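No value in this document is a laboratory result; all are computed from the given coordinates. All values reported here derive from a predicted model rather than from experimental measurement. Here the Cβ positions follow ideal geometry from the backbone for every residue, glycine too, while neighbour counts run over all protein chains shown.
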Number of protein chains: 2
Amino acid sequence: MKIQPSKIYGPKRKVEPGLDRSKIVAAALDLLDEDGFDGLTMRSLAKKLDIKAASLYWHVPSKQDLLSLLADEICAPIRKPDGTLPWRNQLEILGNEYRRILLAHRDAARVLSSSGAPSGPNRLRLTEMVLSILLDAGFAPQDAVYAGFLLNDYVTMFVSAETQSANPVAESVFEDSPSGVQNWLEALPVNEYPSVVALANHLIKSDSDERFQFGIKILQNGLENHLANRSSRDHN
Amino acid sequence: MKIQPSKIYGPKRKVEPGLDRSKIVAAALDLLDEDGFDGLTMRSLAKKLDIKAASLYWHVPSKQDLLSLLADEICAPIRKPDGTLPWRNQLEILGNEYRRILLAHRDAARVLSSSGAPSGPNRLRLTEMVLSILLDAGFAPQDAVYAGFLLNDYVTMFVSAETQSANPVAESVFEDSPSGVQNWLEALPVNEYPSVVALANHLIKSDSDERFQFGIKILQNGLENHLANRSSRDHN
DNA sequence: ACCTGAACACCGTTCAAGT
DNA sequence: ACCTGAACACCGTTCAAGT
């Protein structure tokens, strides 16, 4: 006969009644902020939850699905822009809002890019906001869809590049000196890369926020122009 | 005394005098086309070259560096657009040219996104082309840099999404029926996602090539508009 | 100079078995 | 219903040792 410890003395798992999807996703988000995308593994997540890795597969079918859940959770705090503003401004505000929530968690953009198409409620809400703004602005259905993906992808891609390496051209070409990159750029053969050499200091500078607003503005202008051409064609 | 096999009967490694970086990169590109990005591992690459994985590290410092080399190799076939054309058209041609070479190899866009900033000769050549077109068009130095990254990132991101899942919204939400995605979209709560539901069939359709050209056109329009505003401001 | 053996420290996932 | 042990089939990378 084995000695049976009283249930009182069991691990008791704190006060929690047990795991569920939402607790797993919450823990995954914490782990992401602590250890980054590469540190988020099924094994490390299990350890954080005081269970074994295999147990996660009772609650979640695969790591891919977990990442989709996590992606949606990251998008939860998105707020809807004031609908009375002109569509240009609404898109600008929404773009900045999306960037804001992506910058709120470490490697969030990487999670979003690796998690496939939006299917959760929060990302669907974001899609709904973009599309409704574009439809209200007067875009044709297919154009609204294309423009929606363009805007969504722009922000995701931008923040992904922005967080993967502070400077889009710098990184570890030569990982030593601070302005080693500029030296490297300026030392390039001028005959072959005249523009790159000429713009060396501008390639280095590249303020992230300013660059983001530049892209938003180009997209606004481009969409406005497209809409104007379409409308005038409709009227003729 | 051990039996020494004659050198004649050695593996002889075919006729190749030995490995070098370029042969490793060529083999990596073959392997990429055969097995995709996830199939490209140091171990499988070594097997293809009839060596052991550890040997690769004598020629290449890390897998990251190998991917950078591979990224540059993928960009080798890029051709320069006719410089006598208007800058709008040059950018459009270059964008399509870049997309073309990315679609020429399996998962090429994933290699490019995971390989960091351009530092090899071919990607630098691509950067040079974009920047010189923009400078010739009359963009201010910093604007040319921002616009260059915008264009480059647009194509990379687009092809990356395009090849990861044929349809940007479809994929495996419900992996069964062909139009199961449309059913799923249309079954969404209309109160919460009216625009998504209304655009369901357009979200499904989404012709890749048409969508790519739409994005290029928006960027063209946006840049043209930006340039016009700047120029008029300079003249006043 | 170039390559291998063998290990280190990991991965995601499965599945019979426990409670 | 929920969790574990133990394995399967992998990873990238290092380094002493071989030739």
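A few notes on this one:
- Rg/Rh (Cα only; Kirkwood hydrodynamic radius) as it applies to region A:10-118: 1.08
- Where N is the number of residues in region B:186-236, Cα Rg divided by 2.2 N^0.38 Å: 1.87
- Region A:21-61 gives an Rg/Rh value of 0.93, both radii derived from C-alpha positions and Rh following Kirkwood.
- Ordering B:Met157, B:Met42 by the number of other Cβ atoms within 10 Å of each residue's own Cβ, fewest first, gives B:Met42, B:Met157.
- Projecting label points 7 angstrom from Cα along Cα→Cβ for A:Gln213 and A:Leu103 puts them 1.2 nm apart.
- Cβ-based net charge around A:Leu45, under 12 Å, with every Lys or Arg adding one and every Asp or Glu removing one: +2
- For region A:87-235, averaging the sequence separation of C-alpha pairs within contact (under 8 Å, six or more residues apart) and dividing by the residue count gives a relative contact order of 27 percent.
- Which of A:Leu56, B:Leu131 has the fewest Cβ neighbours within 10 Å, and the rest in rising order: A:Leu56, B:Leu131
- A compact globular protein would have a Cα radius of gyration near 2.2 N^0.38 Å; the ratio found for region A:87-235 is 1.28.
- From the C-alpha gyration tensor of region A:77-170, square roots of 5λ in Å: 24, 14, 13
- Here the simple spin-label model places points 7 Å from the Cα toward Cβ, and for A:Phe37 and A:Lys80 these points are separated by 3.1 nm.
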